[in-house]
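Presented below is the structure to which this report refers.
The values are calculated or read from the model by the stated rules, or taken from the named source; none is laboratory data. What you see is a predicted model, and the numbers here were worked out from it, not measured in a lab. Methodologically, a virtual Cβ is constructed for each residue, glycine included, from the backbone with ideal geometry; neighbour enumeration extends over all protein chains shown. Just so you know, the surface numbers come from the protein's heavy atoms only, side chains and all, with ligands and any DNA or RNA stripped out. Shrake-Rupley method; radii C 1.70, N 1.55, O 1.52, S 1.80 Å.
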Amino acid sequence: MPPQWCSFGAQGLAKTAQQVDPAAPLLLFDSGVGGLSVLAEVRKALPDAPVIYAADLAGLPYGTKSEAEIAARVCGLLGRMAERFRPRLICIACNTASTIALAMVRDVLEVPIVGTVPAIKPAAAMTRSGVIGLLGTAATIRQGYVDRLEAEFASDKRLLRHAAPDLVTAAEALLRGQAVDPAVFQRAADGLRSQPGGDEIDTVVLACTHFPLVQAQLSEAFGGGVTFVDGAAGIARRIGVLTQGQSFQRAEGDFALFTGKRDPFSELAPAFERLNIDRSMVL
Ligand code: DGL
């Protein structure tokens, strides 16, 4: 018998706005603090929505893992979290997890799932030079999902990809108030600029939710003249559409949920408190 959270053909079971518990949270999920770049936009769009921010710190980083490992972790964890916290909607605020496991998670959970996929479509509409850079994790940039977005929206453009795992580590460190060597940002910019056609890049897709957190540093490394695009505002709009007509009531304060042996909240408190999350729990 499948576990309780498994449901096949779940689309037909969608609740009406009136059936949704006003205290049911939105659950945002990432491997680490990257999803806070998505939460910032969700707060602007839906300030009254109760939120759980879940970070799989025990699994961080996802970008260097295999597809099988990521899919198993994400499906397993989201199943446990959905069963325990009964969210009204789950947002996978992670490009790596979404490009690999979004369809699988949708197959096994009843709850509406919003994913985060590289913003190639808006980038293709914005570029004037026709050359787009894409920074992501190693796992994201090799996905067929990215090939399909490129074929569908940017077939008449040139898309240059570069894996920048050090930017994940840098964003995690910066949000903990730790110093980061600026060479990390320069290496990421050079990874795109040094490819054939790279000097013509005018638009860069930040295809990892950690990267908007270091956009100022990246902008400096690119030396200006580049527009950065990410999916956060679009995701917040999508969540707004899917929760339209539902009421929100914050019964208790929002909280962060971490996997792992210890609770790192004290190191991260300023970053979370800026987004009105002031307590935490370890799963
Ligand atoms: N924040 C995640 C993403 O959007 C990945 C970071 C990691 O490597 O875990 O892809």
(request) Working only within the stretch 75-94, note down all residues that are touching a strand residue (DSSP E or B) at 6+ places or on another chain (Cβ under 9 Å) and either in a loop (DSSP other than H, G, I, E, B) or within 11 Å of the ligand (Cβ to nearest atom) (or both). (result) Pro87, Arg88, Ile92, Ala93, Cys94
(request) Please verify whether the stretch 187-196 includes one or more residues that are free of Cβ contacts under 8 Å to residues at least 12 places away in the same chain and within 30 Å of Thr16 (Cβ to Cβ). (result) no
(request) Could you please give the count of residues in the stretch 123-150 that are farther than 21 Å from Ala97 by Cα and without any contact (Cβ under 8 Å) to a residue 40 or more places away in the chain? (result) 2
(message) For the stretch 118-149, which positions are open to solvent by less than 50 Å² (accessible area, probe 1.4 Å), farther than 20 Å from Gly34 by Cα and in a helix (DSSP H, G or I)?
(response) Ala123, Ala124, Gly144, Leu149
(message) Given the criteria farther than 22 Å from Leu242 by Cβ, in contact with a Cys (Cβ under 6 Å, 6 or more places away or on another chain) and at pLDDT 95 or above, does Gly136 qualify?
(response) yes
(request) For the stretch 58-72, enumerate the residues that are farther than 19 Å from Lys261 by Cβ and more than 10 Å from the ligand (Cβ to nearest atom). (result) Ser66, Glu67, Ala68, Glu69, Ala71, Ala72
(message) Take the residues in the stretch 218-247 that are touching a residue at least 40 places away in the same chain (Cβ under 8 Å) and among the polar types (S, T, N, Q); name whichever of them is most open to solvent (accessible area, probe 1.4 Å).
(response) Gln244
(request) Give the residue that is least open to solvent (accessible area, probe 1.4 Å), with candidates limited to residues of the stretch 248-283 that are of a type in the set (D, E, K, R) and part of a helix (DSSP H, G or I). (result) Glu267
(message) Every residue in the stretch 186-215 that is surrounded by 22 or more Cβ atoms within 10 Å (Cβ to Cβ) and either away from the ligand (no atom under 16 Å from the Cβ) or more than 25 Å from Gly32 (Cα to Cα) (or both), please.
(response) Ala189, Leu192, Ile201, Thr203
(request) Would you tally the residues in the stretch 106-122 being within 16 Å of the ligand (Cβ to nearest atom) and farther than 20 Å from Tyr62 by Cα? (result) 1
(request) Give Ala103, Ala97, Ala40, Ala55 a once-over and let me know the one that is under 16 Å from the mean Cα position of the chain (by Cα) and either more than 16 Å from the ligand (Cβ to nearest atom) or basic (Lys, Arg) (or both). (result) Ala103
(request) Run down Ala207, Ala221, Ala236 and say which single residue is closer than 30 Å to Asp21 by Cα and aliphatic (A, V, I, L, M). (result) Ala236
(request) Would you mind stating whether Ser155 is crowded, with 16+ Cβ neighbours inside 10 Å, outside any strand (DSSP E or B) and without any contact (Cβ under 8 Å) to a residue 24 or more places away in the chain? (result) no
